[in-house]
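Below is one structure, written out as structure tokens; comments come after it.
Rule-based calculations on the coordinates, nothing more; no lab input. Because the structure is a prediction, the values reported are computed rather than measured. Positions of Cβ are generated from backbone atoms using ideal geometry, with glycine treated the same way; all protein chains shown enter the neighbour counts.
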Amino acid sequence: MPRRAGTGWRYATAFAAIFIALGASTFALRTTGVNASLPASEDLPILATVPHGNMASADAAGVVYGFYVASLPDDSSTRPRSHPTASSGSVAEPRAGGSDSSGVLGIYDGNHSSAGIEATADWLGSSQDVQYAEDFLDDTSFTTISDPSWFISQWQGTPLKMVWGVPMVPCGAPSTQCSPNASAFDSVASGADDNYYATLAQNLVAAGFGSSYIRLGWEFQGGWFPWSICNSDGQKDFVAAFRNIVTSMRSVSGANFQFIWNPDDSANTSCSGQLEDYYPGDNYVNMVALDVYDMNGGNDSDSARWSDLVNGVNAGGWTATAPEAINGQSFEGYGLNWLVAFANEHGKEIGLPEWGLWSSSNDGGGDDPYFINQMASWIKTYATGPTIFWNYDDGATDGTMLTVPNESTGAVPDATAAFRSDFEGY
């Protein structure tokens with residue numbers, strides 16, 4: 001969870017995962033929602049129950065994705081340990097003609113400046129080895145969202161291309177993690193707040209950031225952000241709100257923003273559904289992405305965790321909802337294979353706005369060079385948009401920062417060596 005440099009603000013908030021007792025200890029998950037082709041209010045949620053022992057990170061002490069913290073119970077005694085292998089019917093194919101993945105690596109370090117990221121690029125051998133940086137706007141109110149002057153001042157003059165996490169709903173505090181606010185989300189979905197996002201666009205364009213990537217509603221099938229689709233209000237508002245924000249920001253003269261549609265890999269998340277129902281449409285999306293962390297079973301083999309991420313499944317091969325088939329190709333879950341196929345079907349860039357290691361004490365792989373090697377290979381084969389490595393200690397990623405001179409010190413020497421070898425000269 002990023003801290004605002006130089007202000008004393010601390011983004012430290014917690015989300016308690018809600019478990020519902022139905023029979024033998026089950027967790028209620030929404031499985032269907034709004035069809036993007038229909039008005040956002042026409043579908044109602046349907047709940048399905050699954051044993052929470054099958055959930056990713058069921059035995060984690062604390063789970064963190066980006067800006068959220070969730071505490072999940074220790075249920076290792078019931079958590080399956082068997083894993084599927086990647087099926088030949090769902091192996092992703094590279095884009096026709098190969099991938100244009102040169103220059104897609106980025107870093108998030110929570111420091112709100114490019115100095116450490118540029119140091120990482122130098123450590124890799126060239127300023128060209130890292131092309132992107134990421135930051136998240138203050139989510140206190142629509143006013144703070146629309147006026148990112150502090151962030152602009154921190155990044156002004158950076159040689160890096162920016163990816164901005166733009167909140168869809170205010171939280172009343174800088175952190176983007178808070179309980180859902182139905183009235184605020186309804187307001188955004190109705191278009192009543194379009195002027196705030198137009199003002200944001202004007203401010204970014206005026207500061208020279210008019211071609212930035214805009215990350216809206218990230219990790220929306222988790223329960224830790226106010227734009228979550230894990231509740232009925234989020235289900236009816238998400239698509240309309242996304243479209244309104246995109247339309248408002250594009251309306252500004254000089255705007256050339258690239259908008260990212262960004263669920264989690266369903267191997268990493270605790271609330272899922274038919275994600276295709278929440279795709280805003282090709283006219284509103286430039287890049288399709290997943291967030292991917294090496295966290296799906298700390299006691300499992302490195303190759304098993306990787307297989308789960310590729311297929312989008314939890315331990316034991318479980319997933320809340322299987323994706324729709326694409327051109328006759330079926331998928332177990334919303335994993336990396338699905339991402340490639342879905343993006344190619346829609347003619348969109350492929351990216352990873354967050355990817356990183358995960359603490360072995362929190363059900364992750366810890367110092368896992370295998371994960372780094374596999375991710376690097378995948379990125380070089382498929383990625384055509386920003387792939388942002390999460391090099392920040394936020395609790396569940398404790399100790400998993402790379403050790404880079406003038407940037408960061410972690411406790412993952414093998415993963416650090418793999419990262420440098422894989423991306424040096426990239």
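Below is a table of values for the structure above.
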read-out: Global form of the range 326-426, assessed from the alpha-carbon gyration tensor, a/c cut-off 1.5; value: prolate
read-out: Eligible aspartates and glutamates near Lys161 by straight Cα distance, threshold 16 Å, same-chain separation 8 or greater; value: Asp109, Glu118, Asp129, Glu134, Asp135, Glu349, Glu354
read-out: Between the range 303-349 and the range 210-269, the Cα center-to-center distance that results, in Å; value: 20
read-out: Placed amide H near Tyr279: partners under 5 Å, 5+ positions off or other chain; value: Ala36
read-out: Highest to lowest packing among 133-139, 328-334, scored as the average C-beta count within 10 Å; value: 133-139, 328-334
